[in-house]
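A.B. asks: Have a look at the structure that comes next, please.
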Amino acid sequence: MPEYTLMYFNAQGRGELIRWLFAHAGIEYNDDRIEMEDWPERKPDVPGGKLPVLMIDGKPLVQSVAIARYVAKEAGLVPEDNLDAAYCDALVDTCSEMMHQYMTLMFRVEDDDEKQRLFEEEFFPNHMEPFMKRLNHRLEEKEWFITDDMTWADLAIGRSLSQILAQFPDSLEHFPNVAGLVEKVCELPAIKEWIDNRPETSF
């Protein structure tokens with residue numbers, strides 16, 4: 001087994017899906033969390049100067065989705081069928097894009113009432129609702145999103161939406177199938193243990 005070190009900020013962000021994949025697979029790794037105030041000093045020594053970076057036996061792998069895909073393959077969560085694997089990629093990319101929009105909104109203002117307004121009037125109708133409608137329809141007769149077995153796409157759904165639900169708990173009230181999948185993923189023993197014991201962070 002390679003020696004892994006995940007370098008990322010002391011936050012969930014783009015590193016959290018990778019951590020979920022490691023947790024679910026039971027793969028040991030060094031969780032190198034960099035505080036924001038330490039980043040200017042650490043940055044020159046980080047390959048590519050951006051986070052996250054996964055060091056694999058001392059060799060760097062960059063880009064969060066590429067890292068997550070690699071760990072997912074190591075964990076057996078990428079379908080063998082090339083088209084199903086591509087569907088997983090598309091779903092994870094969509095989750096990543098949605099979360100980028102979400103975090104942009106969350107950092108735009110500090111006032112909670114204004115965040116609520118922006119969520120309801122901007123983010124939800126333009127970025128989240130169309131995606132949730134497609135997901136909910138897809139999950140009407142399926143236990144998991146792509147195949148009969150769980151894939152890393154399902155973990156990506158659970159990871160992304162559980163963060164949104166933590167701040168906006170009613171956001172999936174009209175999408176029961178999606179809400180059910182998120183709950184099922186978050187109740188997986190290794191994922192639940194990670195969620196219950198991970199370091200508390202501001203985002």
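A.B. asks: Would you work out if the range 132-203 is rounded, prolate or oblate? Take a ≥ b ≥ c from the square roots of the eigenvalues of the alpha-carbon gyration tensor; rounded if a/c is under 1.5, else prolate when a/b is larger than b/c, oblate otherwise.
C.D. replies: Taking the square roots of the gyration eigenvalues as a ≥ b ≥ c, the range 132-203 is oblate.
A.B. asks: Over the range 1-120, with the other protein chains present, what is the accessible area per residue in square angstrom, probe 1.4 angstrom?
C.D. replies: Spelled out: the 1.4 Å probe surface of the range 1-120, per residue, equals 55 Å².
A.B. asks: Between beta-carbons, use under 13 Å as the cut-off and find the net charge around Glu140, counting Lys and Arg +1, Asp and Glu -1.
C.D. replies: Local net charge: +2.
A.B. asks: Using Cα pairs closer than 8 Å and at least 6 residues apart in sequence, work out the relative contact order for the range 134-192, in percent.
C.D. replies: This gives 36 percent for the range 134-192.
A.B. asks: Here's a follow-up. I need the shape label for the chain. Rule: rounded when a/c is under 1.5, else prolate if a/b > b/c, else oblate, with a, b, c from the alpha carbon gyration tensor.
C.D. replies: Oblate is the answer for the chain, as a/c is 1.5 or above yet b/c matches or exceeds a/b.
A.B. asks: Could you give the distance between the Cα centres of the range 18-55 and the range 70-135, to the whole Å?
C.D. replies: Value for the Cα centre distance between the two parts: 21 Å.
A.B. asks: Measure off, as a whole percent, the carbon and sulfur share of the 1.4 Å-probe accessible area of the chain, all protein chains present.
C.D. replies: Carbon and sulfur: 46 percent of the exposed surface of the chain.
A.B. asks: Expressed as a rounded percentage, what relative contact order does the range 56-198 have, with Cα pairs under 8 Å and six or more residues apart?
C.D. replies: With pairs under 8 Å counted, the relative contact order is 23 percent.
A.B. asks: Quick one: length gained pulling Ala90 to Gln167 fully straight, 0.36 nm per residue minus the C-alpha distance?
C.D. replies: Computed gain between Ala90 and Gln167 is 25.2 nm.
A.B. asks: Is the C-alpha gyration tensor of the range 21-124 telling us rounded, prolate or oblate? Criteria: a/c under 1.5 is rounded; beyond that, a/b larger than b/c is prolate, otherwise oblate.
C.D. replies: Since a/c reaches 1.5 but b/c is at least a/b, the shape of the range 21-124 is classed as oblate.
A.B. asks: Net charge around Ala66, counting only other residues with Cβ within less than 14 Å of its Cβ (Lys, Arg = +1; Asp, Glu = -1)?
C.D. replies: Charge balance in the 14 Å sphere: +2.
A.B. asks: With θ set to phi - 60° and the Karplus curve 6.51 cos²θ - 1.76 cosθ + 1.60, what are the ³J(HN,Hα) couplings of the range 161-173 in order, to the nearest whole Hz, using x for Gly and Pro?
C.D. replies: Per-residue couplings from phi come out as 6, 5, 5, 5, 4, 4, 9, 10, x, 9, 5, 10, 4 Hz.
The values are calculated or read from the model by the stated rules, or taken from the named source; none is laboratory data. A quick note: this is a predicted structure, and the numbers were derived from the prediction, not measured. Every residue, glycine among them, receives a Cβ derived from its backbone with ideal geometry; neighbour counts consider all protein chains shown. Ligands, DNA and RNA are excluded from the accessible area calculation, which covers all protein heavy atoms including side chains. Shrake-Rupley method; radii C 1.70, N 1.55, O 1.52, S 1.80 Å.
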